[in-house]
Amino acid sequence: MSEEKEDLTQESTPPQKKKPKYGKVIAGANELSLGISIVVAIVLGVLLGLWLKSLTGYVWTLWIGVFFGIGAAVKNVHIAYKKQKKSYDELKNEPRYRYQTDDEDDDDKY
């Protein structure tokens, strides 16, 4: 009988979520992710350009890779901007962040 009671109490309580062991590291990496993604995009573009240059023998194909890398970096910045704007728009509707004006003049209070 006591085993049944223990089973019922265990089933009724929801499992608690454990915090990740490296939560602070992950949060820090998330803040650095934009800068890292810009560098990685440009480096990959340069490597693509170097590969195209070695494949074709034309120097101007290096610049194609560089421009692809810069374009990817700009796209990463745009995606990060959209995410940040979305989070600010969500905060805009919270009452504690709204600016409340006083309709009455200061002179009328006294």
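Scanning the range 36-55 for residues that are within 30 Å of the chain's Cα centre (by Cα) and exposed (fewer than 14 other Cβ atoms within 10 Å of the Cβ) turns up Ile36, Val39, Val43, Leu47.
With the structure loaded, tell me whether Tyr58 is at pLDDT 90 or above and surrounded by 11 or more Cβ atoms within 10 Å (Cβ to Cβ) or whether it fails that test. The answer is yes for Tyr58.
Among the candidates Ser37, Ser87, Ser33, the residue that is of a type in the set (Ser, Thr, Tyr), modelled with pLDDT of 85 or more and in a helix (DSSP H, G or I) is uniquely Ser37. For Lys53, the requirement of being at pLDDT 65 or above, of a type in the set (D, E, K, R) and touching a Ser or Thr at 6+ places or on another chain (Cβ under 9 Å) is met.
With respect to Ile26, determine if the residue is under 18 Å from the mean Cα position of the chain (by Cα), surrounded by 10 or more Cβ atoms within 10 Å (Cβ to Cβ) and modelled with pLDDT of 75 or more. No, not satisfied.
The values are calculated or read from the model by the stated rules, or taken from the named source; none is laboratory data. These figures come from a predicted structure and were not determined experimentally. Note: ideal-geometry Cβ built from the backbone for every residue, glycine included; neighbour counts use all protein chains shown.
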